[in-house]
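The values are calculated or read from the model by the stated rules, or taken from the named source; none is laboratory data. Keep in mind that this is a model prediction, so the values were computed, not measured. Here the Cβ positions follow ideal geometry from the backbone for every residue, glycine too, while neighbour counts run over all protein chains shown. These area figures cover heavy atoms from the full protein model, side chains too; ligands, DNA and RNA do not enter into them. Shrake-Rupley method; radii C 1.70, N 1.55, O 1.52, S 1.80 Å.
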4 protein chains.
Amino acid sequence: MTYHPATTALLLVDPYNDFLSEGGKVWPRVKTIAEEVKLLDHLRALVRVARDKGHKIYFVPHHRWEPGDYVNWRHPTPYQLGAAKRETFAKGTWGGTFHDDFQPQPGDIVAHEHWGSSGFANTDLDLQLKQFGISRVILVGMIANTCIEATGRFAAELGYHVTLVTDATAAFSPEAMHAAHTVNGPTYAHAITTTEALIAELADGGKHEDQEISGRESELLHSK
Amino acid sequence: MTYHPATTALLLVDPYNDFLSEGGKVWPRVKTIAEEVKLLDHLRALVRVARDKGHKIYFVPHHRWEPGDYVNWRHPTPYQLGAAKRETFAKGTWGGTFHDDFQPQPGDIVAHEHWGSSGFANTDLDLQLKQFGISRVILVGMIANTCIEATGRFAAELGYHVTLVTDATAAFSPEAMHAAHTVNGPTYAHAITTTEALIAELADGGKHEDQEISGRESELLHSK
Amino acid sequence: MTYHPATTALLLVDPYNDFLSEGGKVWPRVKTIAEEVKLLDHLRALVRVARDKGHKIYFVPHHRWEPGDYVNWRHPTPYQLGAAKRETFAKGTWGGTFHDDFQPQPGDIVAHEHWGSSGFANTDLDLQLKQFGISRVILVGMIANTCIEATGRFAAELGYHVTLVTDATAAFSPEAMHAAHTVNGPTYAHAITTTEALIAELADGGKHEDQEISGRESELLHSK
Amino acid sequence: MTYHPATTALLLVDPYNDFLSEGGKVWPRVKTIAEEVKLLDHLRALVRVARDKGHKIYFVPHHRWEPGDYVNWRHPTPYQLGAAKRETFAKGTWGGTFHDDFQPQPGDIVAHEHWGSSGFANTDLDLQLKQFGISRVILVGMIANTCIEATGRFAAELGYHVTLVTDATAAFSPEAMHAAHTVNGPTYAHAITTTEALIAELADGGKHEDQEISGRESELLHSK
């Protein structure tokens with residue numbers, strides 16, 4: 001399995017300070033695993049390599065909380081209400097700002113903010129991927145069993161090739177990581193890999209893809 | 001939390017013989033848990049009570065396999081290809097037929113077949129729910145961490161109130177059940193309950209809902 | 001046909017200065033019809049009555065142009081490229097700002113910006129309607145045969161009751177108005193009315209709706 | 001603008017006997033225009049050339065009417081109810097069967113039936129296009145200002161390149177054809193052409209596409 005820059009994008013999910021930075025509201029709950037897997041180093045490395053190799057980068061941001069959110073909604077989830085109570089990712093605050101090392105650059109896409117967990121639900125992410133010819137997505141960021149998993153499940157339903165990177169994400173507990181990557185991931189993802197293995201493949205530039213991609217995609221890539 | 005029959009439907013996901021019957025292709029892999037939680041008894045009880053109380057029943061069926069499926073698809077998932085190889089839910093076979101105890105009755109809705117795990121993806125389920133005024137869904141059937149979870153995650157993103165029933169579903173392993181109901185369920189579902197508790201609530205007919213539903217829904221229910 | 005405030009919202013499509021104000025970029029092309037149908041007066045009247053009667057107001061805004069938009073998109077439409085060339089609704093300009101008389105108030109919803117013509121495509125409009133229990137939409141604003149028609153067609157496909165108001169919109173030509181309201185409207189809309197008739201119905205507050213709404217909705221409204 | 005077989009599909013919308021055959025329920029209303037534009041000859045020619053050149057063919061069928069349809073739906077459109085009353089495309093009847101000259105062949109895709117006018121709404125059409133790498137759709141069949149236009153509008157919103165063929169469709173009136181192709185088509189379609197011109201382009205096999213396709217698509221086609 002390989003990743004051609006013309007068809008593969010890196011999706012950076014919710015790189016907010018509240019998730020990724022010392023002092024962030026959710027950081028204390030993810031810190032143990034984030035440090036254990038070297039999350040920040042891996043995100044930095046993947047973004048750098050993806051840029052170097054010409055992969056499109058998509059920011060997939062959660063809705064930034066504002067006063068009034070969810071008031072009078074019929075069916076906000078308890079999880080949404082909990083985040084709202086804590087004012088996670090509050091608009092205009094440092095916590096609701098992207099981490100310094102993950103700032104959009106010219107040519108990057110910032111999708112509409114998502115209200116739930118899936119970056120595709122109620123946003124323009126599918127359109128923005130299609131308009132750049134992207135059919136394969138690499139999902140990194142936060143949190144493994146919520147936004148990453150939901151975005152990955154939606155991506156697969158929408159016809160995308162989905163890659164999970166087990167040490168470029170984190171979660172509240174080891175069992176949540178296990179659920180995301182060992183129990184559920186194999187039921188919808190096309191590849192579950194590590195940062196190191198993925199970087200080797202990206203560096204390879206899609207050279208061997210001919211042997212592995214199927215049908216029409218191959219025809220498309222070779223047409224001329 | 002309560003369930004008014006005018007707004008709450010029971011979604012019966014993939015009640016195929018291959019999943020639920022002795023002799024079915026997947027039954028051996030789910031049998032242990034299915035028997036442990038008394039899955040069949042609970043599904044029968046829930047369907048009976050739901051019908052008695054006037055709840056709409058939706059069948060949410062997986063695509064029934066046919067020769068040619070997934071051939072030349074660019075990105076079928078390994079999971080889809082595995083099921084295709086085993087010809088799970090093959091069209092025209094007993095395994096791809098609904099279990100005798102779960103046959104659509106007049107007035108029931110049978111949604112379009114889904115290709116992946118979510119009953120909402122690429123189907124008319126959302127439309128069919130809206131057209132009957134349903135805004136709350138109770139998800140039962142198979143499998144807890146794949147089709148039930150994917151359908152539930154999509155339902156929540158689409159604005160539905162989502163109820164999971166921990167002993168009216170099954171999975172391949174206890175850890176998959178745990179992932180579905182303890183790790184992930186609380187991140188998107190509005191209620192996670194048992195068959196017994198749910199039946200008590202359904203029997204209650206939504207009598208106490210006034211105290212608990214919010215905002216506009218209450219206004220709507222009381223308008224006149 | 002009537003309009004209960006608990007279930008009916010007013011959707012104000014693209015009320016930008018570029019469309020509605022003297023000096024706006026597109027105003028010269030719609031001015032003749034807008035003045036003929038008394039568009040501005042009618043929009044003001046409808047918004048006022050809708051607020052008075054407790055109807056939810058939704059702003060349904062087109063994407064505001066920014067440098068870089070559509071660059072390297074595979075399939076921008078010629079229509080999108082034309083608007084981009086003219087920098088219609090440019091972000092941060094007066095033309096890309098809502099008309100003074102149509103400013104969001106507390107409690108109003110501003111949906112995600114749409115890239116094409118439909119307010120539902122690639123946005124959170126469907127979710128935001130569902131979360132407030134809205135199942136009927138009244139479409140007003142600009143332009144009759146593009147954004148209003150596209151939004152109406154999508155609304156009908158999604159299961160909403162759709163009302164068009166022939167003199168609360170405008171277009172580039174009389175034949176475009178005719179196409180929108182006489183040729184196409186009847187193929188997807190549930191009601192095609194005038195501002196005067198609609199205001200009479202809204203004033204009526206849904207009093208007679210019992211005689212006309214169907215099935216489950218009636219049951220829902222009368223439940224208790 | 002050209003049409004590479006690896007990325008361009010022919011979408012055959014609603015080729016039912018009720019629409020296309022002498023004796024069909026709707027045929028009397030479309031016959032005048034259908035004969036004037038030589039609809040049947042053009043559809044046959046386009047399907048033949050598309051197959052010869054290796055283009056994927058998609059059947060995009062309207063829901064076939066069955067007893068019980070729309071009963072108790074909250075918001076069926078008057079147009080849907082009219083068709084239901086006439087039992088247009090009734091399941092199991094000749095009228096609800098594809099015309100003899102337009103029968104699916106091995107390798108063709110038959111999308112889920114659509115309930116309204118858009119072949120994309122509540123169906124698997126988008127997924128089925130993505131899974132074969134299709135990003136350009138040529139829309140032919142019935143009816144110009146309803147199902148063809150709705151499918152085209154949705155396709156454009158979803159990021160597809162959309163081609164309309166003015167003499168490979170028909171409608172109830174000349175003004176409906178005019179609305180579809182002259183008033184509305186240019187606001188969302190990428191190309192509006194004739195059967196003759198299109199066949200010349202298809203015969204050309206995408207040879208000149210290099211000059212005209214943009215950005216990433218070009219890169220993708222030339223990658224290797």
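Annotations
- Each residue in the range D:102-120 was checked for being open to solvent by 10 Å² or more (accessible area, probe 1.4 Å), under 23 Å from D:Trp65 (Cβ atoms) and in a loop (DSSP other than H, G, I, E, B), and 8 of them qualify.
- The single residue among A:Gly107, A:Gly133, A:Gly119 that is touching a Leu at 6+ places or on another chain (Cβ under 8 Å), at pLDDT 95 or above and within 14 Å of chain D (Cβ to nearest Cβ) turns out to be A:Gly133.
- Positions within the range D:20-39 being over 15 Å from D:Pro174 (Cα atoms) and of a type in the set (Asp, Glu), in sequence order: D:Glu22
- The range C:166-192: number of residues that are among the polar types (S, T, N, Q) and buried (at least 21 other Cβ atoms within 10 Å of the Cβ): 3
- So A:Ile138, is it of a type in the set (A, V, I, L, M), under 30 Å from B:Arg74 (Cα atoms), more than 13 Å from the chain's Cα centre (by Cα) and crowded, with 21+ Cβ neighbours inside 10 Å: no
- Of residues in the range D:193-212 being open to solvent by less than 20 Å² (accessible area, probe 1.4 Å) and within 13 Å of another protein chain (Cβ to nearest Cβ), the one modelled with the lowest pLDDT: D:Glu209
- Qualifying residue in the range C:91-101 (condition: farther than 21 Å from C:His4 by Cα, in contact with a Phe, Trp or Tyr (Cβ under 9 Å, 6 or more places away or on another chain) and either of a type in the set (Gly, Ala, Ser) or modelled with pLDDT under 95 (or both)): yes
- Taken together, the residues in the range B:57-85 that are within 13 Å of the chain's Cα centre (by Cα) and not in a loop (DSSP other than H, G, I, E, B) amount to 5.
- Candidates C:Ala34, C:Ala9, C:Ala50, C:Ala45: the one that is in contact (Cβ under 8 Å) with a residue 60 or more places away in the chain, open to solvent by less than 30 Å² (accessible area, probe 1.4 Å), outside any strand (DSSP E or B) and closer than 16 Å to C:Ile148 by Cβ is C:Ala34.
- For the range D:124-135, a tally of residues being in contact (Cβ under 8 Å) with a residue 12 or more places away in the chain and assigned to a loop (DSSP other than H, G, I, E, B) returns 5.
- Pairs where the first residue, in the range A:55-77, is open to solvent by 20 Å² or more (accessible area, probe 1.4 Å) and the second is among the polar types (S, T, N, Q) and assigned to a loop (DSSP other than H, G, I, E, B), C-beta under 7 Å, 6+ apart: A:Trp65/A:Thr88; A:Asn72/B:Ser214; A:Arg74/B:Ser135; A:Arg74/B:Ser214; A:Arg74/C:Gln131
- Cβ-Cβ contacts under 9 Å between residues 6 or more apart (or on different chains), taken from a first residue in the range B:99-123 that is over 22 Å from A:Ala150 (Cβ atoms) to a second residue that is open to solvent by 40 Å² or more (accessible area, probe 1.4 Å) and among the polar types (S, T, N, Q), are listed as B:Gly107/D:Asn72.
- Within the range C:154-165, tally of residues that are farther than 18 Å from C:Glu35 by Cα and open to solvent by less than 10 Å² (accessible area, probe 1.4 Å): 6
- Residue within the range C:26-33 that is among the basic types (Lys, Arg), more than 16 Å from the chain's Cα centre (by Cα) and within 14 Å of chain D (Cβ to nearest Cβ) present: yes
- Tally of residues being without any contact (Cβ under 8 Å) to a residue 40 or more places away in the chain and either aromatic (Phe, Trp, Tyr) or in a helix (DSSP H, G or I) (or both) across the range A:12-29: 2
- Applying the criterion of at least 1 residues that are facing another protein chain (nearest Cβ under 7 Å) and within 13 Å of the chain's Cα centre (by Cα) to the helices (runs of 4 or more DSSP H) found wholly in the range B:149-192 leaves B:149-157.
- Here B:Thr93 fulfils each of the conditions (1) more than 14 Å from chain A (Cβ to nearest Cβ); (2) without any contact (Cβ under 8 Å) to a residue 24 or more places away in the chain; (3) open to solvent by 80 Å² or more (accessible area, probe 1.4 Å) apart from (3).
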